[in-house]
Amino acid sequence: MITVTIYTRKNDPNCENAERILDEVKVQIPFQLVKVDIDSDSTLKSVFGKMVPMIKAGPYSIQGEITRERLLMTLGAARDRQDHIERIGDKQYDERYKRARNFSFMDSVTEWLSSHYLFLFNTLLIFYTGLPFVAPVLMKTGLTTPARVIYTLYSPFCHQLAFRSFFLFGEQPYYPRQLAGVANVASYETAILQNQNAVETSLDFISNARAFLGNDQVGYKIALCERDVALYGGLLIFGIIFAITGRKIKQIPWYVWLLFGLIPIGIDGGSQLPGLIAGLPAWLPVRESTPFMRVLTGGLFGSLSAWYLYPLIEETMKDTRALIISKKEVISQTRTD
């Protein structure tokens, strides 16, 4: 016997008419009926609110105006399909049928993730963005070994160049290169490189900037660069706002993300690359971005990426939650009948 699921709501004439027709055709095509009231759960209401009444039978479904003819055609197709599968003895179908009638551990995991994914993302971002700030605190308090572990853990994911990083507990929050042209601050060359007696060649300059963690005078480097701090901070801030607003913020168009998120960070970051190479021709223009531009472009990219992706993820998770809730109803009602 086939199983038929109707997504319905109370006091709806169309739904009542669909249920009446189901009762009538049950004599011709026997089936086991599962009723899912979409008003019983906000997720069901959000996903199926504009579709009810909707009837599912196997892989077939109809919605909107339910007529006797459409229903008989749909139920007949579902019955014939099930009869054919039973005749040929499809083991894969039997396994799928058993899974559909049992709420497994993976179903529980999927249900939890679909409801708590945003909490998980935000928690991971808090730790990932916050831990780099712990490194300079540990350096300042003399706990250099755990601090160096943090710097090492983050080194594959960030260049950690001292002239593109924030510092804590020093005379300045950052020490940009002279090439950046930031007024009223000591440059990296003056405050740090000169004191190390290092030569600004391409290899030595970059390796020294990566290796330098700080000292009591200039402070200690955060384990993520300025742009990455802003990028992950933007992801986290939007994630928190998205959670507070009940995950109801609409997705921005892709071209907004492209124009204001991807292109600015691409231009600002890519145009700096020649400035790291020594011995280039004098006519080739080189530039170094400022801390402000790194924070601005990184923050825009992070927050707009979240604004584009999180509503899309929420729609997918919402559909998943609706399927899980529907499966629970099918299991509950078919076991009771």
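None of the figures in this text is laboratory data; all of them are computed from the coordinates on show. As the structure is a prediction and not an experimental result, all values here were calculated from the model. Virtual Cβ from ideal backbone geometry, glycine too; neighbours counted across all protein chains shown.
Summary table
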{"quantity": "Under 20 Å from the LEU124 label point (7 Å along Cα→beta-carbon), backbone N, segment 228-248", "calculated": "228-244, 247"}
{"quantity": "Length-normalised contact order of the chain in % [C-alpha pairs under 8 Å, at least 6 apart]", "calculated": "19"}
{"quantity": "Interchain or long-range residues, amide H under 5 Å from THR3's placed H", "calculated": "GLN32, GLY58"}
{"quantity": "Between helix 144-154 and the chain: long-axis angle, C-alpha atoms, 0 to 90°, nearest 10", "calculated": "60"}
{"quantity": "In Å, descending, principal axis extents of the Cα set of the chain", "calculated": "93, 42, 41"}
{"quantity": "On Cα atoms only, tilt of 91-100 relative to the major axis of the chain in degrees", "calculated": "80"}
{"quantity": "Principal-axis tilt of helix 68-88 within the chain, Cα atoms, nearest 10 degrees", "calculated": "80"}
{"quantity": "Förster radius 51 Å - calculated FRET efficiency between PHE105 and GLN194, Cβ distance, rounded to 0.05", "calculated": "0.25"}
{"quantity": "Relative packing of 77-87, 56-66, which averages over residues the other C-beta atoms within 10 Å, highest first", "calculated": "56-66, 77-87"}
{"quantity": "Label-point gap, in nm, between LEU258 and THR334 - each point 7 angstrom along Cα→Cβ", "calculated": "4.5"}
